[in-house]
Amino acid sequence: MRKLMWSGLVLSGLLIGCASKSTRQEPAEPAVPQDAVAIPESETPTEEGASSANRTDATPLVVKADPQPQDPINIENAKLEGNVLTLNVAHGGGCAEHTYELAWDGQLQSKAGATPVANLVLIHDGHGDRCKAMKFAELRFDVSPIAQAQSGQSNMRGTVDLSLLGVSAPVPYSF
């Protein structure tokens with residue numbers, strides 16, 4: 001009889017504790033260390049008439065030799081508006097601030113008759129965060145250095161496919 005009462009008490013406590021917790025938490029605004037850029041979770045308002053592709057709240061693309069991913073992250077959606085690549089991402093965490101940077105090795109892969117490809121890597125640093133909450137963020141990156149590298153001049157036109165590690169299809173970038 002004691003075991004039955006004890007089991008009922010423990011089960012009731014677990015049910016009450018689980019029922020009061022939210023399953024989806026919104027991400028907190030990450031800190032900005034010197035070697036990586038933190039992306040704010042909310043967009044800042046723009047001036048009237050300014051298009052979202054011309055906003056200045058996009059983080060610059062980082063050019064580094066042999067960029068490698070760091071902590072796990074899922075890219076749920078990638079879209080390009082003008083020179084700004086927007087990534088909707090999800091990752092585990094909740095106990096520490098996270099930082100993100102989009103890196104490119106500075107090289108364009110080209111094959112005869114094919115569109116050149118820029119291989120990009122999203123680098124996520126969770127700063128040792130071991131919490132299990134699912135965090136979501138919208139990250140914005142300025143990819144105009146790729147257009148400048150392809151054309152050699154800022155007024156030239158062209159197309160480059162942006163290949164992101166974790167995204168199945170390349171994102172076409174016309175400039």
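The table below lists the values:
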| quantity | calculated |
| --- | --- |
| Label-to-label distance, nm, for residues given as Met134 and Asn74 (7 Å Cα→Cβ offset) | 0.6 |
| Amide H contacts of Leu165 (H built 1.01 Å from N, under 5 Å, at least 5 apart or other chain) | Leu120, Leu122 |
| Only Lys, Arg (+1) and Asp, Glu (-1) charged, at Cβ; region 118-175 dipole about Cα centre in debye | 120 |
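Bear in mind these aren't lab numbers, they're just calculated from the coordinates by the rules spelled out. Keep in mind it's a predicted model, so treat the numbers as computed, not measured. Note that we place each Cβ from the backbone using ideal geometry, even for glycine, and neighbour counts take in every protein chain shown.
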